[in-house]
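Worksheet: the structure to be examined is printed underneath.
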Amino acid sequence: MQDVTTLAFMSVVADYGAPDYFVTEFFRVHDTSRLEKHIVRSIDENRTDRPIFAQLIGESIPQLERTVEELLKHPIAGIDLNLGCPAPKVYKKNVGGGLLRDPGKVDEILAALRSVCPGRFTVKMRLGFSDSSPYDDVLASVKKHQVDMLTVHGRTVKGGYRSEVDYDLIAHAVQSVPCPVLANGNVTSARSASRIIQHTGAAGVMIGRHAIRNPWIFEQCRREFAGEAYDPVCLADVHGYIENLFKATHSDQIPERAHVNRIKKFLNFVGQGVDARGEFLYDMRRTHSPEELFRVCKKHLLTSPETRFADEPYAGVIARPNCETPLTPVA
């Protein structure tokens, strides 16, 4: 996740139970691109004891090949190609999800990257750009070029985060390619992850936004898959998570107000599980200093610290109103 899976965030998540592997923010690849230093740090200085895949986004085959060669000098577990980013500023450059408008170009890129990746080469994609018409062609290319693992987000690019997730089409990918397939899209909890795997036959799930809300989710998934119980998270635990995240992301080079604003982007997701009326979100979004922020956190999280943090986002409580619609409650 861009601007999220930094070295600091990976370290914090690992304290609560790291995923099986991490994927970096994407390296932007073009004619004059260089490896972004802060993303390289998330590889070279990573102490989570988890494999790190380097994520690329771009369309120039020579520059993608060059970037892979540079990244192979670092301790990466593999290369991951982004074919799914739905941000307009990305797809308008014909990269990320924009490439799904041109399955022929995707085929050329997969062939080239497979030839220069001696280790694991993975792909994350959506179902298509405006509809799923290119889906089977891209799946055929994934199979032909021996991609090692495929993650499918069950929406189109234009569907953003508002449309329904089509788990049947993820199941179709599972049946169509020989490599493991991970299901992605509205993996909101360990229980939803289990249901999605049962529905799709996927080898596992990739979790993005809901790991910001609930960093315990990966360990909860492990226990859910093993049929083991796990302790509920309470609001006091969430307060501790916010404190740890604030400390880990602090830098003397970042102005105080800017740091608070950055943390608020994370808390937009956390707030989905605090209260059903969105009162925490309302108050948090109006803070401007660390003192104001933690005064709000104390009010909403430590007044009744043993109150359970919701496993699923509360219906109607939205992290990003301009990007998302409320999630349908899970029965």
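A short reminder: the numbers here are calculations on the coordinates, not readings from a lab. For clarity, every value in this text was computed on a predicted model and none was experimentally measured. Quick reminder, even Gly has a Cβ in these numbers, built from the backbone with ideal geometry, and neighbours come from all protein chains shown.
One table, with the values for the structure above:
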item: Helix 103-116 axis, angle to the chain major axis (alpha carbon atoms, nearest 10°); result: 90
item: Computed lengthening from ARG195 to ALA229, 0.36 nm per intervening residue step minus Cα-Cα distance; result: 10.6 nm
item: Between 0 and 90°, nearest 10: helix 61-71 axis offset from the chain longest Cα axis; result: 60
item: Environment charge at ILE57 (Cβ cut-off 12 Å; Lys +1, Arg +1, Asp -1, Glu -1); result: 0
item: Hydrodynamic radius of the chain per Kirkwood, over alpha carbon pairs, in Å; result: 20.5
item: Within the chain, helix-based [θ] at 222 nm, where runs of 4 or more DSSP H residues each add -39,500 (n - 2.57), nearest 500; result: -12000 deg cm²/dmol
item: The chain: angle of helix 135-144 to the longest principal axis, Cα-based, in degrees nearest 10; result: 70
item: Residue (of THR249, PRO321, PRO232) at the positive-pole extreme of region 232-331, dipole from beta-carbon charges; result: PRO321
item: Relative contact order (percent, whole number), region 232-331, Cα cutoff 8 Å, 6+ residue spacing; result: 37
item: Magnitude of the charge dipole, the chain, Cβ model with Lys/Arg +1 and Asp/Glu -1, debye to 20; result: 640
item: Percentage relative contact order, the chain, counting C-alpha pairs under 8 Å, at least six apart; result: 12
item: Equivalent ellipsoid semi-axes, region 232-331, via Cα gyration tensor eigenvalues times 5, rooted, Å; result: 23, 16, 11
item: Net charge of Cβ neighbours under 13 Å - reference LEU245; Lys, Arg +1; Asp, Glu -1; result: +2
item: Where GluC sites (Glu not before Pro) in DSSP loops with at most 14 other Cβ within 10 Å are excluded, longest remaining stretch of the chain; result: 46-163
